[in-house]
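The values are calculated or read from the model by the stated rules, or taken from the named source; none is laboratory data. Because the structure is a prediction, the values reported are computed rather than measured. Don't worry about glycine lacking a Cβ; one is built from the backbone with ideal geometry, like all the others, and counts go over all protein chains shown.
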Amino acid sequence: MLKEFKKFALRGNVFEVAIAVVIGTAFTNIVNSLVNDIIMPVIGVLAGGTSFKFLVLNIDGVSIRYGSFFQTAVDFFVISFSIYLFIKLFNYLRGRESVPLKESPHPNKEVLTEIRDLLKEEKVSKVKATEEERSFKVRVK
């Protein structure tokens, strides 16, 4: 049993995951510091010296902490953007520039295009038939 555990623990994937967790934790601390210590104070100064964390709306004894929500939303966007930049940097350093995503064609695109064109033709022919009908009615009267 000890040999199996040693074999499991010394596999490459376990070490890679452990390293990823440690780096992820450190990265989270850096991004949280960036948001809490740099970005939010600047936004607070621009908004009139208000700290968003403590903005509260009291309605009938219920506190709605919308400032905390705003803080969390900013955290999310900064973290998402930071991860995006980190992945681009990582791919660049590995020598693999990120390739822009192409729109993959729908497997039935040709069929759908034909159906669309047929519907347009049918609509046009119905309009022409209606105009001819009106014209005929006017001549008959």
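When we screen Arg65, Arg96, Arg116 for residues that are modelled with pLDDT of 85 or more, farther than 17 Å from Asn32 by Cβ and basic (Lys, Arg), the only hit is Arg65.
Cβ-Cβ below 9 Å, separation at least six or inter-chain, first residue in the range 2-13 and modelled with pLDDT under 75, second part of a helix (DSSP H, G or I): which pairs? Matching pairs, first to second residue: Phe8/Val14; Ala9/Phe15.
When Lys53, Lys88 are checked against the criterion of being surrounded by 11 or more Cβ atoms within 10 Å (Cβ to Cβ), closer than 30 Å to Gly24 by Cα and at pLDDT 80 or above, a single residue qualifies: Lys88.
Quick grid of which residues meet (1) at pLDDT below 80; (2) exposed (fewer than 10 other Cβ atoms within 10 Å of the Cβ); (3) among the acidic types (Asp, Glu):
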| residue | (1), (2), (3) |
| --- | --- |
| Ala18 | yes, no, no |
| Leu34 | no, no, no |
| Leu46 | no, yes, no |
| Gly61 | no, yes, no |
| Phe77 | no, no, no |
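Within the range 44-63, residues that are assigned by TED's automatic domain parsing to the domain that holds Asn32 and more than 17 Å from Val74 (Cβ to Cβ) have Cβ atoms under 8 Å from residues that are of a type outside the set (Phe, Trp, Tyr) and assigned to a loop (DSSP other than H, G, I, E, B) in these pairs: Val56/Arg65; Ser63/Val56, counting only partners at least 6 apart in sequence or on another chain.
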